[in-house]
1. Anything in the stretch 354-374 that is part of a helix (DSSP H, G or I) and either more than 14 Å from ALA343 (Cβ to Cβ) or touching a residue at least 12 places away in the same chain (Cβ under 8 Å) (or both)? List them, or say none.
2. So which residues in the stretch 1-37 are buried (at least 20 other Cβ atoms within 10 Å of the Cβ) and assigned to a helix (DSSP H, G or I), if there are any at all?
3. Are any residues in the stretch 342-394 charged (D, E, K, R), farther than 17 Å from VAL419 by Cβ and more than 25 Å from the chain's Cα centre (by Cα), and if so, which ones?
4. Could you tell me whether the stretch 60-70 includes any residue that is part of a helix (DSSP H, G or I), within 31 Å of the chain's Cα centre (by Cα) and surrounded by fewer than 21 Cβ atoms within 10 Å (Cβ to Cβ)?
5. Taking the stretch 393-428 as the search range and keeping residues that are polar (S, T, N, Q) and in contact with an Asp or Glu (Cβ under 6 Å, 6 or more places away or on another chain), which one is farthest from GLY447 (Cα to Cα)?
6. If you take the residues of the stretch 313-339 that are among the aliphatic types (A, V, I, L, M) and farther than 17 Å from ARG278 by Cα, which of them is modelled with the lowest pLDDT?
7. Taking the stated definitions as given, is LYS80 under 30 Å from ALA20 (Cβ atoms), surrounded by fewer than 24 Cβ atoms within 10 Å (Cβ to Cβ), at pLDDT 95 or above and of a type in the set (Lys, Arg)?
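The values are calculated or read from the model by the stated rules, or taken from the named source; none is laboratory data. What you see is a predicted model; the values in this text were computed from it and never measured. Backbone-built Cβ (ideal geometry, glycine too); neighbour counts: all protein chains shown.
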Amino acid sequence: MVAAEAGQLDVFNFLLKEGADVSATDNRHCNCLHFSCKSGSKDIVNVLLKQFQHLINVGDEDGNTPAILCAKSGQVEILKLLVSHKADLTNTTKYDRMNTFRIGCINGHVSVVTYLLTCEAFNLDMQGGLMKQTALMLAASRGHYDVYNLLVSEGADLSLTDKYNSDCLMLACEGGNMSIVKHLLSLATFNINRQGGILHQSAVMMAASRGHYDVYNLLVSEGADLSLTDKDNSDCLKLACCGGNMSIVKHLLSLATFDINRQGGSLHQSAVRMAAERGHYDVYNLLVSEGADLSLTDKFNSDCLIMACCGGNMSIVKHLLSLETFNINRQEEVWHQSAVMMAASRGHYDVYNLLVSEGADLSLTDKYNSDCLMLACEGGNMSIVKHLLSLETFDINRQGGSLHQSAVMMAAERGHYDVYNLLVSEGADLSLTDKDNSDCLMLACEGGNMSIVKHLLSLKQFGQGQRGLEKYVSFAEKWLNKAIVNLLRSSSS
């Protein structure tokens, strides 16, 4: 696989002669043909196709066939070679159901799309994937002007809408490419204030929420209505604060038509809270200077400090703490987590460290009885975990969370090897099981970290022999960890 990925033909041929198994895969089900297609090793692809034709339409863990991988990486010459060997271009990826043509459009490879248009295997205006979008919609939503222009020249239908009633103009405003947006507006066939998409947003809302200032400015100059709200009652100011573009936020505030403290969205949030949660310091600072109310809480009673610790921006957190108006140990109402819990669970060490220095209570537990150590092991930041262990106030084997797991279980399930290894060295009990009767090896199979799985197998305490390890094999297969499946099977023999 390494030789195939690196394009080392001589080494590859030598290994092949020595009996190397080209059908072997890594933990994502990628074989030698997958690697050589991704890296552009045409000579190796040619060797594989001549001797191992059966690999040509095999998909990896996500259903990516060699042809799809070529479309992703822009390897048009290898794609042509695959087609000459009868590659099936209609195969789709496992989760989003994208075929080779659509993948080429998503990734903006004009040469790939140009070639595939000659294959006559695709309906240009076919709507597919989870969102039921056309190839043109995909190109527009990703801002790929050259591909968009090619499809338009081929007669692609610009009037179609997707599963959630988004049209090409809305999707282009998501993508942020000015040339595409200008072309669509020039057609004078789109209602600039039409609302669609999952959240029932207009084109200018989509541009604002993604921080595309030039597109936003163009839409405003064309008469876009800035007073509209979406399905969740978010207005343009809130969406702009989410997008984080200062110029858009400044323009909206200059209109003096928005209530800066209006609360909307599914969580009933204010603009400043959105900026804090996303770590947009400049926007946050501007809103504060304009009189934003920092004392407001959202639907679930989360305040600005808690959500700023979720976002991880130190400057915002420092400012909020300097006000001395926040209860540093206040717990929100969904998970009952405090600011320091939020920082620990997301691995924000600097924020965590600041909160500790300000007297944050590390002994609190959340709604499901998870403590800071458990949450830190979920987050995976070694410095936080080391600090908590150094306090010698946590029971390393205490079980909590909705699944009644210990800290080492949480680290294993999320594949955090360094944290797992540290906990083991500190005496973590690896024999515990959780609420669903899953043990550490099962959780490690889910997490997918080979080093953790290897260590657990080396202990010889998890289901010895072929029959004993079969339940773990089944668990690894459920999570599509083929490399771990192979490791378990080799351990049982």
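1. Once the filter is applied, which keeps residues that are part of a helix (DSSP H, G or I) and either more than 14 Å from ALA343 (Cβ to Cβ) or touching a residue at least 12 places away in the same chain (Cβ under 8 Å) (or both), the stretch 354-374 yields LEU354, LEU355, VAL356, CYS372, LEU373, MET374.
2. Those that are buried (at least 20 other Cβ atoms within 10 Å of the Cβ) and assigned to a helix (DSSP H, G or I): ALA3, ALA4, PHE12, CYS32, LEU33, HIS34, PHE35, SER36, CYS37.
3. Step one: filter the stretch 342-394 for residues charged (D, E, K, R), giving 346, 350, 358, 361, 366-367, 371, 378, 386, 392.
Remaining after also requiring farther than 17 Å from VAL419 by Cβ: 350, 358, 361, 366-367, 392.
Selection gives GLU358, ASP361, ASP366, LYS367, GLU392.
4. To start, the set of residues in the stretch 60-70 that are part of a helix (DSSP H, G or I) comprises 66-70.
Subset that is within 31 Å of the chain's Cα centre (by Cα): 66-70.
Adding the requirement that they be surrounded by fewer than 21 Cβ atoms within 10 Å (Cβ to Cβ) leaves none.
Scanning the stretch 60-70 turns up no residue that is part of a helix (DSSP H, G or I), within 31 Å of the chain's Cα centre (by Cα) and surrounded by fewer than 21 Cβ atoms within 10 Å (Cβ to Cβ).
5. To start, the set of residues in the stretch 393-428 that are polar (S, T, N, Q) comprises 393, 397, 399, 402, 405-406, 421, 425.
Now narrow it down to the ones that are in contact with an Asp or Glu (Cβ under 6 Å, 6 or more places away or on another chain): 397, 405.
Values: ASN397: 19, GLN405: 14 Å.
Among those that are polar (S, T, N, Q) and in contact with an Asp or Glu (Cβ under 6 Å, 6 or more places away or on another chain), it is ASN397.
6. Filtering the stretch 313-339 down to residues among the aliphatic types (A, V, I, L, M) leaves 314, 316-317, 320-321, 323, 328, 334, 339.
With the extra rule that they be farther than 17 Å from ARG278 by Cα, the set shrinks to 321, 323, 328, 334.
Details: LEU321: 98, LEU323: 98, ILE328: 98, VAL334: 92.
So the residue we want is VAL334.
7. Values: under 30 Å from ALA20 (Cβ atoms): yes; surrounded by fewer than 24 Cβ atoms within 10 Å (Cβ to Cβ): yes; at pLDDT 95 or above: yes; of a type in the set (Lys, Arg): yes.
So LYS80 passes the test.
One line per residue, one yes/no per condition, for (1) free of Cβ contacts under 8 Å to residues at least 60 places away in the same chain; (2) among the polar types (S, T, N, Q); (3) closer than 16 Å to GLY175 by Cα:
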| site | (1), (2), (3) |
| --- | --- |
| LEU199 | yes, no, no |
| TYR213 | yes, no, yes |
| ASP230 | yes, no, no |
| GLY243 | yes, no, yes |
| SER247 | yes, yes, no |
| ASP259 | yes, no, no |
